[in-house]
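Scroll down for the structure; my scribbles are underneath it.
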Amino acid sequence: MSEEVTYATLTFQDSAGARNNRDGNNLRKRGHPAPSPIWRHAALGLLTLCLMLLIGLVTLGMMFLQISNDINSDSEKLSQLQKTIHQQQDNLSQQLGNSNNLSTEEEFLKSQISSLLKRQEQMAIKLCQELIIHTSDHRCNPCPKMWQWYQNSCYYFTTNEEKTWANSRKDCIDKNSTLVKIDSLKEKDFLKSQPLLMFSFFWLGLSWDSTGRSWFWEDGSVPSPSLYVSNY
């Protein structure tokens, strides 16, 4: 009888700790390698930079929004100011127009008053002339104050002002009159009878024509030789 050989397979169960260690080693072999500390710092820096950029963009956006609001507000104020200026310019133009109209009306009224005063003066002169003709001792004087009446004319004499012939002529024009023109011997005697201060004199309305070498009155007439005007 032949011998029989019997084989047996033994299976040993690992302990829990050994199995866990083996599994962990297998995981480390199959997983990704652990990151390096340098990459961690780089990632952290990049994240910080992105955060700062985001904060900067938000800040710039808020500033832009505020500036836009300020610009809109200033634009509205400027528009309102321009409207106010245009309105004031219109009001000023209207006032100037009214002022010009008033000035025109004032000038018209002044001319009317001046015309009426001249007519009144002419009427007073004519009335005085009639009174003097019919009443020799009548004291009527149609001339303005400080003027003297003689033979249908008013005379103004002044000795407290020293003026040249040209200035005296201008002063007479301003008074709506002319320098004296002697038409008769009586008028000449009347002028000579006026009191004069020492070394003073009156200007006459005579001018010297150098081209014609002659004297002439302001109205262009030539003085009569019989009046001896050359003695003045």
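The values are calculated or read from the model by the stated rules, or taken from the named source; none is laboratory data. All values derive from a computational prediction rather than experimental measurement. Here the Cβ positions follow ideal geometry from the backbone for every residue, glycine too, while neighbour counts run over all protein chains shown.
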Filter result (surrounded by fewer than 16 Cβ atoms within 10 Å (Cβ to Cβ), more than 17 Å from GLY220 (Cα to Cα) and of a type in the set (Ser, Thr, Tyr)) within region 159-183: THR159, THR164
Output the number of residues of region 144-171 satisfying the condition of being hydrophobic (A, V, I, L, M, F, W, C) and in contact (Cβ under 8 Å) with a residue 12 or more places away in the chain. 4
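One line per residue, one yes/no per condition, for (1) of a type outside the set (A, V, I, L, M); (2) farther than 30 Å from CYS143 by Cα; (3) exposed (fewer than 10 other Cβ atoms within 10 Å of the Cβ):
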site: TRP39; (1), (2), (3): yes, yes, yes
site: LEU46; (1), (2), (3): no, yes, no
site: LEU54; (1), (2), (3): no, yes, no
site: VAL58; (1), (2), (3): no, yes, no
site: ILE67; (1), (2), (3): no, yes, no
site: SER103; (1), (2), (3): yes, yes, no
site: LYS110; (1), (2), (3): yes, no, no
Any chance you could count how many residues in region 82-125 are in contact (Cβ under 8 Å) with a residue 12 or more places away in the chain and either outside any helix (DSSP H, G or I) or charged (D, E, K, R) (or both)? 1
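Yes/no per residue for (1) farther than 27 Å from LYS175 by Cβ; (2) at pLDDT below 80:
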{"residue": "LEU57", "(1), (2)": "yes, no"}
{"residue": "ASN69", "(1), (2)": "yes, no"}
{"residue": "LYS77", "(1), (2)": "yes, no"}
{"residue": "GLN82", "(1), (2)": "yes, no"}
{"residue": "GLY97", "(1), (2)": "yes, yes"}
{"residue": "ASN100", "(1), (2)": "yes, yes"}
{"residue": "ILE113", "(1), (2)": "no, no"}
{"residue": "ILE125", "(1), (2)": "no, yes"}
May I ask you to list pairs of residues, at least six apart or on different chains, whose Cβ atoms are under 6 Å apart, with the first in region 208-222 being in the same structural domain as THR178 (by TED's automatic domain parsing) and the second being assigned to a loop (DSSP other than H, G, I, E, B) and at pLDDT 85 or above? TRP215/PRO223; PHE216/VAL222; TRP217/LYS181; TRP217/GLY205; GLU218/THR178; GLU218/GLY205
